[in-house]
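Here, each number is a calculation from the coordinates, and none is a lab measurement. On a predicted model such as this, the values are computed, not experimentally measured, just so you know. In this analysis, Cβ positions are derived from the backbone assuming ideal geometry, glycine residues included, and neighbour counts consider all displayed protein chains.
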Amino acid sequence: MIEAVYIAGHGGQGTLSTGQLLANACLKEGKFVAYLPFYGVEKRGGVSNCGVTISDQRISSPFVAEPTVLIAMNSISLEKYESAVVPDGLVIANSSLVENAVTRDDVRVVPIPANEEAEQMGDPMVANNIILGALLELTGVVSIQIVAESLKEVLPERHHGKIPANVRALERGAELARRHKIRENK
Amino acid sequence: MKKVFSRPRSLKDVPFHYCPGCTHGVAHRLVAEVIDELGIQDNVIGNAPVGCAVFTMDYFDFDMISAAHGRAPAVATGVKRVLPDRVVFTYQGDGDLAAIGTGEFVHAAVRGEKITCIFINNAVYGMTGGQMAPTTLLGQKTKTTPYGRDSEVNGYPIKVCEMLTPLDGAAYVARVAVHSPKAIIQAKKAIKKAFQVQINGLGFSLVEILSTCPTNWGLTPLEAVKWLDENMIPYFPLGEYKVPPAGVI
Amino acid sequence: MSKILMKGNEAIGEGAVRAGCRYFFGYPITPQSELTHYLAKRLPEVGGLFLQAESEVASINMVYGAAAAGARVMTSSSGPGISLMQEGLSFLAGSELPSVVVNLMRGGPGLGNIAPSQSDYFQAAKGGGHGDYHMIVLAPNTVQEMLDTMGNAFDLADKYRNPVMVMADGVMGQMMEPVDLGGDVRVEIPPKSWATTGMAHHAGKNVINSCLVIPEEMEELNLKLEKKYKEISQKEQVCDEYMLEGADIVLVAFGLVSRICMSAVEKARAMGIKAGLIRPVTLWPFPAGFIGKTADKTRAYLTVEMNMGQMIEDVKLAVCGRAPVYHYGRLGGMVPDVRDVLAEIKNLHEGDAGR
């Protein structure tokens, strides 16, 4: 197993499409992947989580019980799933909405102010891909280029005009992660 | 000598099991005659109900399917959608069609399903032994309404033709009776029209046939015919409730 | 051909289309709605028909009619909808009509919820409708298998003139995994000279019927069905094994739970515990033959199910008292955690058999 990613947030934050995009790109790279969504009964705004397992061999359980990477898109998601992350695992927190601090000291925490960055880029809808860009930079699980190609398959054709903005978001997220790494090394 | 009357080809040469004075036999014969006259015996598929008429399977001489109680219009839908060039009909009693099968016949009509329902209304459950039907008249005594049907307890008899008339998918809806030679001639005309509506692809068609059940009514066959005339027809008026525009059939 | 990422619901739909199914009759219910959305779009592309019925009762009877007319036909539903279909399933079995019904199980009883469950095992494998009958029941555990199993389901249905149920828990419908769609599709649907297609299209008069009022005749039909079920039981039992070599603790699980058990077995093996897994692919006929052969080498069995313990009865019958059989279950839409399954294995390994 390479990574077990758990993406947690609420409906409308693009958590499920981020998971599908990641799974699709890793498949392009010849990896074994499994994607499992979990959501509340509400059609809009409820809990919206998914797990993505990426492996170089056949995947047994597709359930992400012990994530190597947790993406927390809001405070409650961090609170709920922080404890499940494996020791030395990675927590990417959407610091625009996550107000609480990570309580564990055996995980790597990378805050990314995704909503503010997305606002600055002029499209609040790309916040999820800013986070994904950071994940790609921090894990190296698949390249931004492959993810950009996957966007064509994952997005319905009527949204293909938004691909350049989403690619810029991925790059911006990667850039923010790189800056964080430099700060970590200081 | 010239042969002027014979058994329709679409009816098998076997004795009916129906009670003396029951008009299922007349209705069977009319359906078989119409199928012969339209020349569709080899391309028709009938759907038998649950109730006395389950044995239509044995009497009609063409392909037959035995459906679950009330479900014949759904079964017929499945057949017709797979074989749109065949003629598909159901033959159902009042309990089968108008009680347990209310959802199925109404929605077949709503969809404009190109099938024909032959609906036998004799105001009582026959095979199960004379219980109240959805079409049992107010005051009518049955095994489950021993003091007569009371609207406070059991509500009112269901008027199937009147219900179907406003539905856009219903192309032909008629109520006939088989208690007199004149009525029988009218009934045959309606049945033929219903099949023609289907063959011409105009939509759903249903013919309600007011019938007798002397055994469960506790009457002689002759009394039953009279009872139908005096009690059922006033509540269930005969006539064509819905017809396609003139000239299409 | 390269693999594409597909949802389980879509894979079932595409698998059905590739198996030559051209008719779907159904009624919306979560968590299988995406399957109906997929087929509503896909079937017209191949000249097929998707029809939304007024209820599950109507759906299964439309399936009955289409099957009687000789078509490859299916429906799908979940929980309460499958319960409503039980009368129709009994009729399909009694009239020997080939058809495929998909059940994406949800939490019950009653309205329950839309979370994954395996609590319909008894209903499917033992026959939820009235009368003596069996459906063939298939339980895939990957999205690829959800696609592939549909061809198998339609072939078995036609081969034995019997309804086939494909069962998965609800979350498998939403799960996405890579799928190889394979090459060109060639479907051979056997001729159906028994179908009610009109007498111009076959010899003599055909009747589709399960009503035989004379008990001697009804017994004759039952004996004929029994003979068929025996043949199916002898020829069609299928199961998978995983790390069974030298295993003295054997897990038995189907569907998605079998995948969780694979992870638990891997972890147990890494700890030096000789655990293995048997995964029934056919729930009926149940692979009792294979399981029975492992009984003398096995210290204990553990069935892991998302129910109170349903398949365990079949495992016990197969093992026939030669080894203890335990059950670990999560209920009401909860999914077993791999760590909890591992803890159960450890308990058994440490000889905690007196629970």
**Prompt:** Which of the peptides C:248-257, B:29-38, B:156-165, C:178-187 is most tightly packed, and how do the rest follow, judged by the mean count of other Cβ atoms within 10 Å per residue?
**Reply:** C:248-257, B:29-38, B:156-165, C:178-187
**Within chain C, longest stretch free of exposed GluC sites (Glu not before Pro) [DSSP loop, at most 14 other beta carbons within 10 Å]** = C:1-187
**Request:** Rounded to the nearest Å, what's the spacing between the alpha carbon centres of the range B:106-155 and the range B:43-92? Just the number, please.
**Result:** 20 Å
**Fill in**
Rounded to the nearest 10 degrees, the helix C:56-68 long axis (Cα) sits at an angle to the longest Cα principal axis of chain C of 60 degrees
**Request:** Summarise the partner chain shielding of C:49-58 as one whole number: the mean count of Cβ atoms from other chains within 10 Å of each residue's Cβ.
**Result:** 5
**Complete:** Eigenvalues of the alpha-carbon gyration tensor of the range A:38-186, times 5 and square-rooted, give semi-axes in Å, largest first, of 23, 19, 18
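Give me the Kirkwood hydrodynamic radius of the range B:24-242 in Å, from all C-alpha pairs, to one decimal place?
17.0 Å
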**Message:** Report the Cα centroid-to-centroid distance between the range C:47-109 and the range C:299-314 in angstrom, as an integer.
**Reply:** 28 Å
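Quantify how strongly other chains surround peptide C:195-206 by giving the mean number of their Cβ atoms within 10 Å of each of its Cβ atoms.
On the way: counts 5, 12, 7, 14, 8, 8, 5, 1, 0, 2, 8, 5.
Mean shielding by partner chains, rounded to a whole number: 6.
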**Request:** Mind computing the radius of gyration and Dmax over the alpha-carbon atoms of the range C:97-143? Å is fine for both.
**Result:** 12.0, 34
**Item:** Computed E for residue B:12/residue B:36 - FRET, C-beta separation, R0 22 angstrom, nearest 0.05
**Value:** 0.95
**Prompt:** What does the average come to when, for each residue of peptide A:7-15, you count the partner chain Cβ atoms lying within 10 Å of its Cβ?
**Reply:** 0
**Item:** Sparse-neighbour loop sites [chymotrypsin sites (Phe, Trp or Tyr not before Pro); the range B:134-210; at most 11 other C-beta within 10 Å; DSSP]
**Value:** B:147
**Request:** Mind jotting down the distance between the C-alpha centroids of the range C:153-219 and the range B:175-249, whole Å?
**Result:** 38 Å
**Item:** Percent of C-alpha pairs per 10 Å bin, the range C:239-349, short to long
**Value:** 16, 55, 28, 1
**Message:** Just to confirm the number: angle between the C-alpha axis of helix C:255-270 and the first principal axis of chain C, 0 to 90 degrees, nearest 10?
**Reply:** 20 degrees
**Request:** Normalise the Cα radius of gyration of the protein assembly as shown by 2.2 N^0.38 Å (N = residues in it) and let me know the number.
**Result:** 1.13
**Whole-number percent relative contact order across chain C, with pairs defined as alpha carbons under 8 Å at least 6 apart** = 17 percent
**Item:** Nearby lysines by direct alpha-carbon distance to residue C:224 (threshold 18 angstrom, same-chain neighbours under 8 apart not counted)
**Value:** C:159, C:235
